[in-house]
Amino acid sequence: MMWNPGDIVRVTQKTGEYITEVLENHDSKLLVKVLAVTKFPTQGDLHTSFEVDVPLFHQRPALSYQEKFMCPSNAVMRYSGAIPDYKESVRIAMEREMEKLKKMSLWAQRCLVELEAMHKETFTK
């Protein structure tokens, strides 16, 4: 698909997702600027998912309002909805990510309880 300056597109950048405006088309890459956040970036060490005992547990903020970056032109999708306020979009995306992590934490705790019960039944006789 051919993208033109001024087109509004959704782009995944590393582990976040953004609503952006195309500034320049360089054939296989686009220069875009951030207008809003749709998915907050994943925290921690991406090479060792779900590990907390790592040399550096990364804190990843969302890209800044109007921050520019290059992305592959085949990795963008047209965006046709209303463009939310940047700061409000960051708040919503961050709260959505926090809620997802809270649910994962509760799920992990319940799994541990069930595994401990099965371990006790199986190996303590």
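Here the 3J(HN,Hα) profile of segment 63-80, calculated from phi with Karplus coefficients 6.51, -1.76 and 1.60 at θ = phi - 60°, is 4, 6, 4, 6, 5, 9, 7, 8, 9, x, 5, 7, 9, 10, 10, 4, 10, 10 Hz, Gly and Pro shown as x.
Within a straight-line Cα-Cα reach of under 15 Å, residue 68 can be paired with the following aspartates and glutamates, leaving aside sequence neighbours fewer than 8 residues apart in one chain: 7, 17, 21, 24. Straight-line reach from residue 87: taking Cα to Cα under 13 Å and skipping same-chain neighbours fewer than 8 places apart, the aspartates and glutamates in range are 95. The H on the amide N of residue 29, modeled in the peptide plane, is under 5 Å from the matching H of 73, each at least 5 residues off or on a different chain. Its Cα centre serving as origin, the chain has a Cβ charge dipole (Lys and Arg +1, Asp and Glu -1) of approximately 180 debye. Pairwise Cα separations in the chain fall into 5 Å bins from 0 onward with the following percentages, short to long: 2, 10, 16, 16, 14, 12, 10, 6, 5, 3, 3, 2, 1, 0, 0. For segment 19-69, the set of chymotrypsin sites (Phe, Trp or Tyr not before Pro) satisfying both a DSSP loop assignment and a count of at most 16 other C-beta atoms within 10 Å is given as 50, 57, 65. Restriction of the GluC sites (Glu not before Pro) in segment 38-107 to DSSP coil positions whose beta-carbon has at most 15 other beta-carbons within 10 angstrom yields 51, 67. Here residue 120 is the anchor, and the lysines within straight C-alpha reach of less than 29 Å, apart from those fewer than 8 places off in the same chain, are 102, 103. Here residue 54 and residue 118 are evaluated by their C-beta separation; at R0 = 25 Å the FRET efficiency comes out at 0.30.
Once the Cα atoms are used to define both axes, helix 86-123 deviates from the longest principal axis of the chain by about 20 degrees. Residues of segment 70-104 falling in the label zone of residue 8, defined by backbone nitrogen less than 19 Å from a point 7 Å along Cα to beta-carbon, are 76-93.
Each value in this text was obtained by applying a stated rule to the coordinates, not by laboratory testing. As the structure is a computational prediction, the values presented were derived from the model and not from experiment. Glycine gets a Cβ as well: all are built from the backbone with ideal geometry, and neighbour counts include every protein chain shown.
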